[in-house]
Amino acid sequence: MKIALFEEFDSMGKLGMRNLLPWPEKSVIKQIALYKMIDGIYAVRINDRRVRALLFLRCQEFYEGTDDDIRSKRFNIDQYIKWYQKYTKHADLFTYQFDWSGFNIPSTAIEECMSDIRDPNEFDRIMNSIIKTIRQDKPDGDFYLLGVDKIAGDVLEHEMAHGMYFTNPEYKNEMDRITNSIPKETKDAVASKILEYGYPEIVVMDEIQAYMATGLAESMNDILNIINFRDEYISIFRKYLTTTQPQKMPINYT
């Protein structure tokens, strides 16, 4: 069996269906590993950034998409690709797989998004299997799902900061306290960069703490005195980051 995706979209150009898809289903599933990081936070490790991006695209953009017609809406993949091409000004290319490397989504957004899909594809089936596997481990309450290239390193730490911000109220309160205490011009400058990257206003506070705690984007280094405010973020992040060994979980594919 092969994964067929975006069948109605016939103008994807060099990065389109004929070059990236279809992939043999077994080769996709073989790349996917699910880990329980700490209580309430799970990570999907996929080395190939194309597979990782296409698996997470629907839920990630439902959660924090830039466009008001995409975020929290029932959109189809064909619609999203066409919008993204206009947004990135790449008329013949769909570059999402190469623009984004890490993903982070709260269960509230994932489960709402996956409850009513108008154009289901094989990546949606895989995501549903991941959700069901997590719910067998955590039947009640919220969880947070990360999409990373490896269970170590900068990408994972950045996404873990998002996970803890959602799942741990004490962590969130401490990080928000720091953000609200730094000079307004510094906070506004960081927020401006985050909005330039394509994030919506609703996640700015979360993104500020994640970047400040785990590593600045290159363009943020130009903000005057920004490094002077990072130590407290890093200290809080390290305090809450549990050092338990990630537990690999077999995915129950259905």
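The values are calculated or read from the model by the stated rules, or taken from the named source; none is laboratory data. The structure displayed is predicted, hence computed values, not measured ones. Using ideal geometry, Cβ is built from the backbone for each residue, glycine included, and neighbour counts are taken over all protein chains shown. Ligands, DNA and RNA are excluded from the accessible area calculation, which covers all protein heavy atoms including side chains. Shrake-Rupley method; radii C 1.70, N 1.55, O 1.52, S 1.80 Å.
Below is a table of values for the structure above.
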{"item": "Check on R125, over 22 Å from R71 (Cβ atoms), open to solvent by 10 Å² or more (accessible area, probe 1.4 Å) and modelled with pLDDT of 95 or more", "result": "no"}
{"item": "Subset of the stretch 25-39 (residues that are open to solvent by 30 Å² or more (accessible area, probe 1.4 Å) and not aliphatic (A, V, I, L, M))", "result": "K26, S27, K30, Q31, Y35, K36, D39"}
{"item": "K89, sole failed condition from (1) on the phi > 0 side of the Ramachandran plot; (2) open to solvent by less than 50 Å² (accessible area, probe 1.4 Å)", "result": "(2)"}
{"item": "Evaluation of D119 against (1) more than 25 Å from Q79 (Cα to Cα); (2) open to solvent by 20 Å² or more (accessible area, probe 1.4 Å); (3) in contact (Cβ under 8 Å) with a residue 12 or more places away in the chain (one fails), failing number", "result": "(1)"}
{"item": "Filter pass, A43 being among the hydrophobic types (A, V, I, L, M, F, W, C) and either part of a helix (DSSP H, G or I) or open to solvent by 20 Å² or more (accessible area, probe 1.4 Å) (or both)", "result": "no"}
{"item": "In the stretch 206-254, the residues that are farther than 30 Å from I126 by Cα, open to solvent by less than 50 Å² (accessible area, probe 1.4 Å) and not in a helix (DSSP H, G or I)", "result": "G215, L216, A217, I223"}
{"item": "Any hit, the stretch 65-88, residues being in a helix (DSSP H, G or I), under 24 Å from M160 (Cβ atoms) and either at pLDDT 90 or above or of a type in the set (D, E, K, R) (or both)", "result": "no"}
{"item": "Subset of the stretch 170-202 (residues that are under 16 Å from the mean Cα position of the chain (by Cα), crowded, with 17+ Cβ neighbours inside 10 Å and either among the β-branched types (V, I, T) or more than 23 Å from M160 (Cβ to Cβ) (or both))", "result": "I194"}
